[in-house]
Amino acid sequence: MSTKTLPERGDTHEQGTAGPQQNTGRRRFAVRGTARGRQARAAWLLAAPFLALFAAFMLLPVVWSLLMGLTDTKSADLRTPLNVSFVGFDNYVRLFEDPQFFTALRNTAVFVLVALPLTLAAGLAAAVALDRGIRRFRAVFRVGFYLPVITSIVAVAVVWKTVLEPRAGLANLVLGWFGIDGPAWLADTRFALPVMIVMAVWRNLGTVMIIMLAGLQSVPQSLMEAAELDGAGPWQRFWRVTFPLLRPALLLTAVTTGIGYLQFFDEPFVMTDGGPLDSTLSATLYAYKQFGNGNYEMASAAGYVIFVLIVALTVLQFRVLRDKD
């Protein structure tokens, strides 16, 4: 004899209402899913022009140049790009066996190791002078320091080349007033690269100055007053209080300026074409000349060596200058 368990009084009502509630929840979820799908499709549609341009003019050339560095691609192979041969890392071996490339790397290293600290120091000094030392015509000095940054580098190089002209240049003319026979600045292996370092520092210190000035003005005045009450002198206040707070600004300027200096190209290209005797030949100018000679595989390999150097320098700067906290 079987016994049937009768449902309790509230169970019948719950079973009757559970179905409509579940259906309502499913409808809401479906509506939300449909709305999200429409938003996602609209977002991809709006981003499609940028993605197409990025793929065509950025991603594809990067991938293609990487492949060219692993093949024997020459200018004559442009019509038949699929007929090139894969050579692996032979181009990189040839690159490091080329003494001219080592000369270009040495010149680039000297340029970066000398110009980068000088630019940071000059920009920081100018920022401190504008923040605390110079009281009158401060805006004029800001414009004067920053004006070379926004001026075309080609125009700057042409002006400097004219000023440094051996016979009629302003530099040798001024030296002649003091009885000094000025050298051929850009035709002498002793002076050509130092001249470009000085020009790079003069042109780029304005960027460092603006960023450092913003950092100086963000230092809380209460910290400076507390340090002064504790007996700290001006140098101690700057070194112990101000400078640690400038680490983010210093890191930013060091990274951006270092990346630019590792790729310095316009100055030697316009002023010396890498001469005299390759004393101003940079790594990017070397890659440019290889490309102009039709050695696309060597130019691509040189470009990726420069990329690795940029990454290495950036990682080093982050390790040294990042906030220890």
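Worth pointing out:
- Kirkwood hydrodynamic radius over Cα pairs of region 228-325, then Stokes diffusion coefficient at 4 °C and 1.567 mPa s, in µm²/s: 80
- Order by protection proxy (mean Cβ within 10 Å, highest first), peptides 292-303, 165-176: 292-303, 165-176
- Per residue, region 101-321 exposes an accessible area of 52 Å² to a 1.4 Å probe, with every protein chain left in place.
- Note on the chain: GNM, Cα springs under 10 Å; of 38, 106, 203, the largest mean-square fluctuation is that of 38.
- Compactness of region 101-321, taken as the C-alpha radius of gyration over 2.2 N^0.38 Å, stands at 1.18.
- Amide H contacts under 5 Å for residue 71: 87, restricted to partners 5 or more places along the chain or on a different chain, H placed in the peptide plane at 1.01 Å from N.
- Between the residues 252, 315, 270, the greatest Cα displacement towards the positive end of the dipole of the chain, with unit charges on the Cβ of Lys, Arg, Asp and Glu, is found for 252.
- Region 171-229: chymotrypsin sites (Phe, Trp or Tyr not before Pro) in DSSP loop, at most 14 other beta carbons within 10 Å: 178
- For residue 266 and residue 90, the FRET efficiency from 1/(1 + (r/R0)^6), where r spans their Cβ atoms and R0 equals 45 Å, is about 0.90.
- Between residue 256 and residue 170, the FRET efficiency from the beta-carbon distance, with R0 = 35 Å, is close to 0.65.
- Share of carbon and sulfur in the accessible area of region 101-321 stands at 68%, probe radius 1.4 Å.
- Sequence ranges 89-95, 248-254, ranked by mean other-Cβ count within 10 angstrom, highest first: 248-254, 89-95
- C-alpha long axis of helix 283-292 to longest principal axis of the chain, angle in °: 90
- Multiplying the residue separation of residue 43 and residue 137 by 0.36 nm and subtracting their alpha-carbon distance yields 28.9 nm.
- 3J(HN,Hα) along region 46-61, derived from phi through the Karplus expression 6.51 cos²θ - 1.76 cosθ + 1.60 where θ = phi - 60°, amounts to 5, 7, 4, x, 5, 4, 5, 5, 5, 5, 6, 10, 10, 5, 4, x Hz, with x in place of Gly and Pro.
- Within region 101-321: Cβ-based charge dipole about Cα centre, in debye rounded to nearest 20 (Lys, Arg +1; Asp, Glu -1): 500
- Under the criterion of Cα pairs below 8 Å and six or more residues apart, the relative contact order for region 101-321 equals 30 percent.
- Among 212, 68, the order of accessible area from largest down is 68, 212, computed with a 1.4 Å probe on protein heavy atoms.
- Inter-part distance, region 190-235 to region 284-325, computed on C-alpha centroids, equals 28 Å.
- With DNA, RNA and ligands ignored, accessible area of residue 85 (1.4 Å probe; Å², nearest 10): 60
- Gaussian network model of the chain, springs between alpha carbon atoms under 10 Å - residue of 105, 205, 229 with greatest fluctuation: 229
- Among 49, 81, 99, the residue with the largest mean-square fluctuation in a Gaussian network model of the chain, with springs joining Cα atoms closer than 10 Å, is 49.
- Calculated mean residue ellipticity, 222 nm, the chain: -22500 deg cm²/dmol, from DSSP H runs (n ≥ 4) at -39500 (n - 2.57) each, averaged per residue and rounded to 500.
- In degrees, nearest ten, helix 247-262 long axis to first principal axis of the chain (Cα): 60
The values are calculated or read from the model by the stated rules, or taken from the named source; none is laboratory data. What you see is a predicted model; the values in this text were computed from it and never measured. Glycine gets a Cβ as well: all are built from the backbone with ideal geometry, and neighbour counts include every protein chain shown. What goes into the accessible areas is simple: the full protein's heavy atoms, side chains included, and nothing from ligands, DNA or RNA. Shrake-Rupley method; radii C 1.70, N 1.55, O 1.52, S 1.80 Å.
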